[in-house]
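Read through the structure below, which is laid out as structure tokens, and then see the notes.
The values are calculated or read from the model by the stated rules, or taken from the named source; none is laboratory data. Computed from a prediction, not measured in an experiment: that's the story for all the values here. For neighbour counting, all protein chains shown are included, and Cβ atoms are generated from backbone atoms with ideal geometry for every residue, glycine included.
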Amino acid sequence: MKTRVCLRRSSSLALACILLNATVTAIAAPAQIVNGDADMGQRLAQMWCSDCHAVGAGKAAGHGAAPSFVSIADMSSTTSISLHAFLQTSHERMPNLQLTQTEIDDVVAYILSLKGK
């Protein structure tokens, strides 16, 4: 009888661990999903952001105090979620651009494509 109880508990514990791991993976995965078009994001960045930011892959320094897109991409805190949140919020030193969700997705895809360049 004790063996059955132990086996059931072990099986239940193993199942709980598997489910917990699957849940954590499912929660973490969306942060890495990129839905936008990086090429369109590059064009949008050139048009709207290049007055203040260095937006190209080969440009290490931004213009003045604005960080380059490469340095933004390389920040450990930069994820799809953090970029979406940032681009949907107005900021004191940035113009209040009214981007559509598709435009935000595209710019985010472009910035993330610069990671490690």
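When we screen Ala22, Ala85, Ala29 for residues that are modelled with pLDDT under 95 and over 14 Å from the mean Cα position of the chain (by Cα), the only hit is Ala22.
Taking the listed residues Val55, Val34, Val70, the one that is modelled with pLDDT under 95, surrounded by 11 or more Cβ atoms within 10 Å (Cβ to Cβ) and in contact with a Cys (Cβ under 6 Å, 6 or more places away or on another chain) is Val55, with no other qualifying. Among the residues of the stretch 99-116, those that are of a type outside the set (A, V, I, L, M) and either within 13 Å of the chain's Cα centre (by Cα) or under 14 Å from Met47 (Cα atoms) (or both) comprise Glu103, Asp105, Asp106, Tyr110, Ser113, Lys115.
Residues of the stretch 89-117 that are over 15 Å from Cys49 (Cα atoms) and among the polar types (S, T, N, Q): Thr89, Thr100, Gln101, Thr102, Ser113.
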